[in-house]
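**Q** Let me give you the structure first, and then I'll get to my questions.
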Amino acid sequence: MDLNEIQDMIDHYGEEFVTVAHPIFSHTIYQIMKTIDHHDGSAYDHCLKVAYYAYRMAKRWDWHVEATIRGALLHDFHLYQFSKRPRRSVLLEGLRHTRNHPKHALANALLYWNISGKEKDIIENHMFPFSIPRCREAWLISFIDKYVAIWEYSVRAKRTFRAKTRLKRHR
Ligand SMILES: [Fe+2]
Ligand SMILES: [Fe+2]
């Protein structure tokens, strides 16, 4: 990541957020997240969005800002693209992914960073009700993740709908 990119991040997210997030998002391994499709964009964009919204709330309520940012950035650090195995039900495969990806994200995070107890809780338990968050920061990220995911899915649905209508008009 070059200095201009980091300056852009500071202009967009503010210095405090970038100071905490920078060692994670600028890491080569984390940059791979830019190539993993997730909802309407990439896993990188999704995690950054969740981390920023969660940070704003945590700051307002005087909660643990550092753990909130770091845990949120790493909550979907599973580094693979969800895809259904052949001849399996999409519902069961989706459930399997929902249950397992936080464990993969945590295992990956532990390979590259020192993860605190709060951060572990945030990553491991962000898929409530499949697991139960313990600290308030983990609850916060679990809810913000859902809010952001719904928003991203609706953007994707709108985009698909528009593309289909455009295609019909050209027939
Ligand atoms: Fe997730
Ligand atoms: Fe997520």
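**Q** Give, as a single signed number, the net charge of other residues whose beta carbon lies under 13 Å from the beta carbon of Gly41, with Lys and Arg counted +1 and Asp and Glu -1.
**A** -1
**Q** Still on this structure, please answer the following. If you place +1 on the Cβ of every Lys and Arg and -1 on the Cβ of every Asp and Glu, how big does the dipole about the Cα centre of the stretch 1-69 come out, in debye to the nearest 20?
**A** 260
**Q** In addition: Only helical DSSP H runs with n ≥ 4 go in: add -39500 (n - 2.57) per run for the chain, normalise by residue count and round the 222 nm mean residue ellipticity to 500 deg cm²/dmol.
**A** Taken over the chain, the calculation gives -22500 deg cm²/dmol.
**Q** Given points 7 Å out from each Cα along the Cα-Cβ axis, report the Arg171 to Ile150 separation in nanometres with one decimal.
**A** That separation, rounded to one decimal, is 3.3 nm.
**Q** For the stretch 30-46, what does the Karplus curve 6.51 cos²θ - 1.76 cosθ + 1.60, with θ = phi - 60°, yield as ³J(HN,Hα) per residue in whole Hz, taken in order and with x for Gly and Pro?
**A** In residue order, the calculated couplings are 6, 5, 4, 4, 5, 9, 9, 5, 8, 6, 9, x, 10, 5, 4, 4, 4 Hz.
**Q** A follow-up question, please. Hey, fewest Cβ within 10 Å first, where do Leu110, Leu167 land in order?
**A** So the residues, fewest neighbours to most, are Leu167, Leu110.
**Q** A further question follows. How do 81-91, 132-142 rank on mean C-beta neighbours within 10 Å, highest first?
**A** Peptide ranking by packing, descending: 132-142, 81-91.
**Q** Once fully extended, how much extra length lies between Arg88 and His12, figured as 0.36 nm per residue of separation less the alpha-carbon to alpha-carbon distance?
**A** 23.1 nm is the gain from fully extending Arg88 to His12.
**Q** When a/c is below 1.5 the answer is rounded, else prolate if a/b is larger than b/c, else oblate, so apply that to the stretch 15-171 with a ≥ b ≥ c taken from the square roots of the Cα gyration tensor eigenvalues.
**A** prolate
**Q** Taking R0 as 25 Å, what's the FRET efficiency between Ala157 and Gln31 from their Cβ-Cβ distance, rounded to 0.05?
**A** So, using R0 = 25 Å, E works out to roughly 0.35.
Here, each number is a calculation from the coordinates, and none is a lab measurement. From a predicted model like this one, the values you see are computed outputs, not experimental measurements. So basically every Cβ, Gly included, is an ideal-geometry build from the backbone, and we count neighbours across all protein chains shown.
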